[in-house]
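Asks: Quick one: the structure is below, questions incoming.
The values are calculated or read from the model by the stated rules, or taken from the named source; none is laboratory data. Computed from a predicted model, the values in this text were never measured in an experiment. As a convention, Cβ positions derive from the backbone with ideal geometry for all residues, glycine included, and neighbour counts pool all protein chains shown. Accessible surface areas use protein heavy atoms only, side chains included; no ligands, DNA or RNA. Shrake-Rupley method; radii C 1.70, N 1.55, O 1.52, S 1.80 Å.
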Amino acid sequence: MLLFTLQRMLQSIAVLLAVSVAVFLAVYAVGDPVELLVNPEATQLEREAMVSRLGLDQPVWMQYFTFLSNAVQGDMGTSFVHAEPALQLILSRMPATFELVFLAMLVASIIGIPLGLYVGLKEENRIARAIMTGSIFGYSIPSFWKGMVLILFFAVWLQWLPASGRGETVSVFGIPFSFLTVDGLRHLAMPVINLAIPNIALITRLTAAGASEARMQDYVKFARAKGVREKRIVRRHILRNILIPIITVLGVEFGSLIAFSTITETVFAWPGMGKLLITSIYQLDRPVVVAYVMLVTFIFVVVNLLVDFTYALLDPRVSLSERMS
Amino acid sequence: MMSDQSSSPLLAVENLRTVFHFADGAYPAIDSLSFELRAGEVLGLVGESGSGKSVAGFSLIGLVDAPGEIVSGEVRFKGRDLRKLSDEELRRVRGKSVSMIFQDPLTTLNPVLTIGEQMMEAISEHETVDPAAARQRCIDTLTKVGITSPQTRVDQFPHELSGGMRQRVAIATALLNQPELIIADEPTTALDVTIQGQILAEMQTLQKETGTALIWITHDLGVVSELADRIAVMYAGGIVEIGQVDDVLDSPRHPYTLGLLNSVPGDTPRGEALRQIEGAAPSLTARPLGCPFHPRCFRASDLCRTEEPPLAEAGDHSWRCHHPLDPEKTP
Amino acid sequence: MNREGELVKMKSFLFAGTAAILASATMSSQAEELKIALSSEPTAADPHYHNLSTNNAFVQHIFEALTATDANQNVGPSLAESWEGVDDNTWVFKLREGVKFSDGSDFNADDVVFTFCRVLNNENNVSGSFAPDVENFASVEVSDPYTVKITTKQVEPLLPELLSQIYILSDGILEHGDLSFDPANGCGVTGEWPSVDSFNNGSMTIGTGPFVLDDFTKGSKIKMSRNDAYWGEAPAWEKVELVPVPSAGPRLAGLLAGDYDFIESPAARDVKQLGEEFGYTAKPSSRVIFLQMDVARDDSPFIEAEGGKNPFQDERVRRAVAHAINREAIVERIMDGFAEPASQFVPSEMFGAQTDPVPLTYDPEKAKALLAEAGYPDGFKVTLSATNDRYINDSQVAQAIAQFLTRVGIETDLDAMTRSIFFSRRSKREFSFSMGGWGSTSGGAASFLRQYVTTGDKERGVGGSNYGGWSDPEFDAVILEAIETVDAGKRAEMLQQAGQMALDKLGLIPVHFESTLWAYRDGLEFDGRMDQYTMAKDIRPAK
C-alpha cells in the first residue's frame, strides 16, 4: 500500500508538471490582462508600470520559471484582480462548491440507486421504461435552461424558494457552511436539484445496467437455489457487486463536479469555485486560472487514488498492484 | 441399489412443460416430461446439449428465467405439488429439502463475498441459528467434501480457490441442510478429467452415507453408469427411454440410446473410427414432426415421420419408439 | 388565568409565531430594507483598492470625498464646502465642520492628510490609478483644522474632479503621531498601513457616508445599515444589501421573484415586458460607441482597395462612412430605444461639449457621392473588428454598421470577438477598422479627446488609445493647452474648439450613446446617473 502510494505520487508529480506547462503556455499566450485591469483613462506610463508590476514584461519562459519556483514553495501567484494569493482565493470559494456538489451527489445517489435497481431488476414493465426515457431527458437537458426553468417555477411563480445566491452560513471548524441553516437550505435547494438531475440520470442508468447484468449471473441463480430471500439477493449479491463500478464512476464524477459546476454556479449566482473560474477567464486573471487548473489536476489525482483504494477494498479479486497497470 | 417399491415416490413429475418465448412464438424446451424418483435413489438424466436436460433440472424447483416459462404439469415432492406453492413456500423448499449444484464452479459463487458467508446464508435463510454454530457446521461440511484447512478456506474469497475446490464448496453448500433431494446439473463437466473422477467418487460415497436422492444431469453416459440406479435418456425435450441402469445399458430399446452407448469412446476398438450418431440434435425452434429422432434414425419409417410414438413399458423399463430394438438381437 | 384562557393565549401565540415565520420567509422587502442586485462584483471594501466603477459605487455608500459628482457628472462640494484656485498650481479647500465619522470621531484636515498619505502607501492596490493624482502633490499644508492647501507639481485643472474619487479615511484607524504630508518619511504614522483585508473584514471601514458596513462576504453579499450620525440627508433605508448576480437572466428572475427590490442592467427587451408591479429608469450615459480607423499606415492589413492605398486616409471617405450609418435605426431597432444617436464624443450636457453639434445625418446618397469623389466609385473592402461581449448589443450594432456600409459600396466583413482578445489585439494595433466604447468619467469633453484624438505622447500622458495613429498638430496644440488651463470658462471654450476640429476631420466617428437601465419593484423612485453608479441613497420610496 505504501509503495503503491509512493508510485502514484511520483506519477502525479509528472502529470502536474506537464499540466502546468500546458496551461501556463495556453493562458499566457492569449490576450492582454492589463487592458482589462487598468482604468481605461490610464496613461501609457501607468500602463507600462502595471505591466512590469505584474511581471508581464518578462519573456514567457522566464515567467514560467518564476511561477514554478514560487509554486514549489506554495505560492501559486497572486490574482491580478483581487490582489490575493490565487490559491487562497480559490480555496476560500471551495466550501461553497463542496457543499453544493456533495449534497447534489447525495441526492442523486439516494434517488438514482433505488430507481436504477428497480429498472434493472424489473426490466420490461412500463414504469421501468418510463424511468429510462426520463433519464435520457435528465441527461440531455441543457443545464442553463433547466436552471432558469427551476428559478422561474419555484422562485418567480410559486415564490417558495429564493432565486439565487447562498444563504446564511455557520462556521464548522472555521469553515463556513450553509447547509446547517434553514435559510442556507432554502438557497441550496434549487442549485442542488439542478446539479443532481443529470447525475440522477447517470446513476440510474449505471445502476440499471449493472443490475440487469448482475441478475443474469449464475451466482444469483445459485443463491435462489439455496433459498435465499429476494431482498437479501438484491442487497447482498447484486448491489454489492454493482456498487464497485458505481462508486468508481461517482468518485470521478465528484471530482469533475467540484472542478466544473460552472454553469449551475453562474445561473444561481452561487459563490463557488466554478463561478470564480469563469470570471477569471473573462478577466484574464491568469494566476487564478493557472492555479485553478493545477488545483483541479491535483484533486483528480487524489480522487483517482481514493477510487483505486476503494476499488481494491471492495473487490477482493483486485489487488493494488494490479490497479497500477 | 434397488429401490423400495412399496413406499410412494419422493418425487413424481407428470407432464411437465416449459416453453421459451421468442418474437415469433413459444417453443417448448421440455414437453410431457414425466418420471418418478424414490427416496435415496440416484437417477442419471442423460442427453446431448439442447435436449432440455438442464431446463428440466431447473424446472423442478422453478428456477427458469425469462424468456422461459414453466407452463403446465405437476412436480409432486413428498406429495406436494411444488408448482402450486407460493413464492415464499417454494423458497423454503429450495436449499432445505431440495438443493441444486450448478455446472460452472467459476461463476456459481459470488466473487465479492467470502465462502463462509455464502455457505452460512444457506443455513441462516432457513433457520435461526447461532453464527458460531453455523460456522462450525460449514467447516465440518467442508471437511466432509475433502477440503483441507477448512477454517482458513471459510474466510477466503472464491478466486483464491481452484475450480475443483469451488465445486466441492458448491457440493458442501448443497449438503448443509441435509436435503432429501439434490439436483446436480453437470457438476463435473467443467472440471479436469482427474478432478472429475475424484468428485464422482466422493459424490458416490456421500450419497451412500447420507441417503440423499440424487438427479445427476449429464451428457456423458459413461459418467453416470457407475453412479446411477436408474437412467433416463432425453432427446428434444422429452424422455425417450428410462429404466434400471443395467436394463438400459445392456438392453437399450431406443435407437438413440444405442447410438449413445456406441459413441462412448472407451468402447471403440483401437484404430476404428469413433462411431457417432449422424446429424445433430434439433434446435428449439425446429423440432421435427412425429418422432423427433426420425431424421437421424436408421430405423425410421413413414409412421415415425408423422406420429409421435406412444409410451411402451416392460416392468420398470419404458420407452417411446415405433420400432424399438429387440433385446435379443442387439450386440 | 383559567385553562381556557391559557389555551387561547397559546393558540394565538402559535398563530402569530407561524404567521411571523411565514412572513419573514417570503418577501424580503420589509418597511426599510433594500436589496439590490448588482451586475458585477465589487472586489473590495477598500476605497483605494481598484478604480472600478463597481467598487466606487459600492464604496460611496460608506465613504465620501472632498468633492462629489452629481447625476450629470458635474463636480460639487461634499466634505469640502468650498474651494478656490489661488494660482495655477495652488488650491485652498475649506472643509465642512460638524461632520463625524461613523465611529463618532470628528472629521478634520488631519483625516485628509492621512488619506493622501495612505494612497501613496497602499501595497495591495491593483491599478494604481489613485496614486498618480496624489503623486502630483508637491505639498499639502494645513493652516487650521478645516483648511487644506494643496500645491501641485504640474498644473492640474481637474483637481477638484479627481479629488471626488479619493475617499477620506479616518486617521483614528491607525496609531500615529503628528500628521503631516511627508510620504517619504511615513507622514507621522507609527502603526501599520492598512491592507485591503482590514477593510474587507470591516475593522477599518470607518467613513463619513450615509451607511456603515455590517458584512462584506466576497462573491456573496454586502450588508450595510444606516449611519444615524450622517451629516447629510438621511437615506430612506435602514438596511441595504448588495448582491452581485453577474448573469442577467437570474438577476431579472430575482426581481420577478421578489428576492431583490432593485436590479442593475436588465436587458432592454425584458424591461419592456415587465408588468405593472415593476418600474424602470433609463438614463443616457456618457458611454459613446465609436468607430476608429487606421489612418497612419498606407498599407493597412484588413483593407483591400484599388490602387492599393488606404482609403481611410482621405477625409471624404471617413465622412462617407459617417453618413452611411442610420443611427436612428440602430437606436430604435437594436437598442430598443434605450440609446441616443451621437454626433459628437460626449453628451451635449457635459463640460466642454458642443452645445449644438452638426448632426451626422443618415444620407447614403451623399456617402456614395463622397466615395466617388475620393476615387472609390466602386467602394472597397474592409474588415470591421468589434467585441461581442463588452458593450450593450455590441455585435448586433457592429453587424448593422457593416451592413449599412456594404450598402454604399464599402464591402465590410465583421470580425466580432471576445473582449479580452479584442483589447489586446487593438492595443497592438492589429486592426484597420474597429468599434469601441468609451465612458468619459472626468474632465468632460477632454477625456475622450486627449485619449483618442491626440497624437501619442507617453511623457505627457496623452494619446494612449490613439490606435489608428490620428495626428493633427493644430488640434494637438489646442487640446494640450486646454488640459493645462485652470480657468474653467476658458478651458470649456478651448475644449469646444478642439472638439469641433476633431469633428471637422472625423479621425474617429461617433455612433451612439448608451443609456443605462435599472429596474425595480413598484413603489420605488430612481432618477439614474450618467456615470452609471447605483447607490442606495439615490433610491427613494415613491410618494
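Asks: Applying a 10 Å radius around every beta-carbon, put A:53-62, C:418-427 in order of their mean neighbour count, most first.
Replies: Result, highest mean first: C:418-427, A:53-62.
Asks: Then there's this: Using a 1.4 Å probe, what is the accessible area per residue for region A:28-141, in Å²? Could the numbers behind the result be given before it?
Replies: Numbers: 5690 Å² over 114 residues.
So region A:28-141 comes to 50 Å² accessible per residue, rounded to a whole number.
Asks: List the residues of region C:188-228 whose accessible area drops by at least 50 Å² when all protein chains are present, compared with their chain alone, using a 1.4 Å probe and counting only protein heavy atoms.
Replies: C:218
Asks: For region B:201-254, with all protein chains present and a 1.4 Å probe, just round the carbon and sulfur fraction of the accessible area to a whole percent.
Replies: 43 percent
Asks: Can you give me the solvent accessible area of residue C:457 with a 1.4 Å probe, rounded to the nearest 10 Å²?
Replies: 60 Å²
Asks: Right, next: Once fully extended, how much extra length lies between residue C:487 and residue C:239, figured as 0.36 nm per residue of separation less the alpha-carbon to alpha-carbon distance?
Replies: Contour length minus Cα-Cα distance gives 85.0 nm.
Asks: Chains B and A: what accessible area do they bury, summed, in square angstrom to the nearest 100, with a 1.4 Å probe?
Replies: For B against A, buried area totals roughly 2400 Å².
Asks: Rounded to two decimal places and with Rh computed the Kirkwood way over Cα pairs, what is Rg over Rh for region A:89-282?
Replies: Value, to two decimals: 1.06.
Asks: Please report the accessible area of residue C:176 (heavy atoms, 1.4 Å probe, ligands and nucleic acids excluded) in Å², nearest 10.
Replies: Its accessible surface works out to 70 Å², give or take rounding.
Asks: Largest first, what is the accessible-area ranking of C:103, C:389 with a 1.4 Å probe?
Replies: Working: C:103 85, C:389 45 Å².
Ranking C:103, C:389 by accessible area, largest first, yields C:103, C:389.
Asks: Continuing with the same structure: As a test of the formula, what do you get for chain C when each DSSP H run with n ≥ 4 contributes -39,500 (n - 2.57) and the sum is divided by the residue count, at 222 nm and rounded to the nearest 500 deg cm²/dmol?
Replies: For chain C, the value works out to -7500 deg cm²/dmol.
Asks: So what's the net charge close to residue A:294: Lys and Arg +1, Asp and Glu -1, counting the other residues with Cβ under 15 Å from its Cβ?
Replies: Working: positive: A:286; negative: A:75, A:285.
Net of charged neighbours comes to -1.
Asks: Of C:223, C:458, A:146, which has the most accessible area with a 1.4 Å probe, and how do the rest follow in descending order?
Replies: Of C:223, C:458, A:146, the descending order of accessible area is C:458, C:223, A:146.
Asks: Anyone know which of B:169, B:19, B:264 comes out most mobile in the 10 Å Cα GNM of chain B?
Replies: B:264
Asks: At a probe of 1.4 Å, how much accessible area disappears from chains C and A on forming the pair, both sides counted, to the nearest 100 Å²?
Replies: 3700 Å²
Asks: Taking only C-alpha pairs under 8 Å that are 6+ residues apart, what is the relative contact order of chain B in percent?
Replies: The value is 20 percent.
Asks: Additional query: What shape does chain C take by its C-alpha gyration tensor, where a ≥ b ≥ c are the square roots of the eigenvalues and a/c under 1.5 counts as rounded, a/b above b/c as prolate, and the rest as oblate?
Replies: Oblate.
Asks: Using a Förster distance of 25 Å, how high is the FRET efficiency between residue C:477 and residue C:87, based on the Cβ-Cβ distance and rounded to 0.05?
Replies: 0.60
Asks: Would you mind putting A:267-273, A:304-310 in packing order, based on average other-beta-carbon counts within 10 Å, highest first?
Replies: Top of the packing list down: A:267-273, A:304-310.
Asks: Going by amide H atoms built from the backbone, whose H comes under 5 Å of the H on residue C:302, apart from near neighbours?
Replies: When sequence neighbours closer than 5 places are left aside, the close amide H contacts are C:432.
Asks: Per DSSP helix of 4 or more residues, -39500 (n - 2.57); summed, then divided by the residues of chain A. What does that give at 222 nm, rounded to the nearest 500?
Replies: One gets -23000 deg cm²/dmol as the mean residue ellipticity at 222 nm.
Asks: What pairs in A:275/C:543; B:78/B:208; C:283/C:490 have C-alpha atoms more than 31 Å from each other? Please report the intermediate quantities before stating the final value.
Replies: Details: A:275/C:543 40 Å; B:78/B:208 21 Å; C:283/C:490 29 Å.
Exceeds cut-off: A:275/C:543.
Asks: If you don't mind, there's one more thing I want to ask. Please identify, among A:79, A:164, A:52, the residue showing maximal mean-square fluctuation in a Gaussian network model of chain A using a 10 angstrom Cα cutoff.
Replies: A:52
Asks: Which value results when the Cα radius of gyration for the protein assembly as shown is divided by 2.2 N^0.38 Å?
Replies: Rg over 2.2 N^0.38 Å, computed on Cα atoms: 1.37.
Asks: Residue A:169 accessible area, nearest 10 Å², 1.4 Å probe?
Replies: Its heavy atoms expose roughly 70 Å² to the probe.
Asks: Given the options B:133, C:275, A:234, identify the residue whose Cα lies farthest towards the positive end of the charge dipole of the protein assembly as shown (+1 on Cβ of Lys, Arg; -1 on Cβ of Asp, Glu).
Replies: B:133
Asks: Per residue of region B:188-194, what does 6.51 cos²θ - 1.76 cosθ + 1.60 with θ = phi - 60° give for ³J(HN,Hα)? Whole Hz please, x for Gly and Pro, Karplus curve as stated.
Replies: 10, 4, 8, 9, 4, 4, 5
Asks: Name the residues of region A:24-72 whose accessible area, probed at 1.4 Å, falls by at least 40 Å² once all protein chains are in place instead of their chain on its own?
Replies: Buried-area filter returns A:35, A:36, A:37, A:39, A:41, A:43, A:44, A:45, A:46, A:53.
Asks: Given H placed on each backbone N at 1.01 Å, which residues far from residue C:413 in sequence or on other chains put an amide H within less than 5 Å of it?
Replies: It is C:382, C:383, C:384, by chain and number.
Asks: If C:460, A:205 are ordered by their accessible area, calculated over protein heavy atoms with a 1.4 Å probe, which sequence runs from highest to lowest?
Replies: The ranking, largest first, comes out as C:460, A:205.
Asks: So, one more: Under the 0.36 nm per residue contour assumption, what length would be gained going from the current alpha-carbon distance of residue A:185 and residue A:11 to full extension? Present the calculation step by step, with values, prior to reporting the outcome.
Replies: Working: separation 174, 0.36 × 174 = 62.64 nm, distance 4.02 nm.
Stretched fully, the residue A:185-residue A:11 segment lengthens by 58.6 nm.
Asks: When the Kirkwood hydrodynamic radius is evaluated over all pairs of different C-alpha atoms of region A:251-325, what value in angstrom, to one decimal, is obtained?
Replies: Final number for the Kirkwood radius of region A:251-325 is 14.0 Å.
Asks: When the accessible area of region A:89-282 is computed with all protein chains present and a 1.4 Å probe, what percentage of it is carbon and sulfur? Spell out each step's value before the answer.
Replies: Numbers: 5980 of 8360 Å².
Carbon and sulfur atoms account for 72 percent of the accessible area of region A:89-282.
Asks: Relative contact order (percent) for chain A, with alpha-carbon contacts under 8 angstrom and 6 or more residues of separation?
Replies: Details: 377 pairs, mean separation 86.7, N = 325.
This gives 27 percent for chain A.
Asks: Can you give the FRET efficiency to the nearest 0.05 for residue B:301 and residue B:66, using r as the Cβ-Cβ distance and R₀ = 41 Å?
Replies: Numbers: r = 40 Å, r/R0 = 0.97.
About 0.55, to the nearest 0.05.
Asks: How well do other chains shield peptide C:411-420, expressed as the mean number of their Cβ atoms within 10 Å of each residue Cβ?
Replies: Mean number of neighbouring Cβ atoms from other chains: 2.
Asks: Under a 10 Å cutoff between Cα atoms, tell me which one of B:281, B:39, B:312 has the largest fluctuation in the Gaussian network model of chain B.
Replies: Between B:281, B:39, B:312, it is B:312 that shows the largest mean-square fluctuation.
Asks: In region B:81-104, what residues drop by 50 Å² or more of accessible area when the other protein chains are put back, versus the chain on its own? Use 1.4 Å, and skip ligands and nucleic acids.
Replies: SASA drop of 50 Å² or more in region B:81-104: B:91, B:102.
Asks: Also, quick follow-up: For region A:44-112 and region B:48-106, compute the distance between their C-alpha centroids and round to whole Å.
Replies: 66 Å
Asks: I've got another one for you. Run down the lysines and flag those whose C-alpha is under 30 Å from the C-alpha of residue C:381, throwing out any fewer than 8 positions away in its chain.
Replies: C:309, C:366, C:368, C:428, C:505
Asks: Can I ask one more? Which whole-number value in Å² is the accessible area per residue of chain C, probe 1.4 Å?
Replies: Heavy-atom accessible area per residue stands at 41 Å².
Asks: Hey, got the average number of other protein chain Cβ atoms within 10 angstrom for residues in A:208-220? Mind showing how you got there, number by number?
Replies: Details: counts 0, 0, 0, 0, 0, 0, 1, 1, 1, 4, 9, 10, 2.
That average works out to 2.
Asks: Moving to a separate point now. Give the average, rounded to an integer, of partner chain Cβ atoms located within 10 angstrom of each Cβ in A:153-165.
Replies: Rounded to a whole number, the mean comes out at 6.
Asks: Okay, next question. Roughly speaking, to the nearest percent, how much of chain C's 1.4 Å accessible area is carbon and sulfur?
Replies: That share works out to 47 percent.
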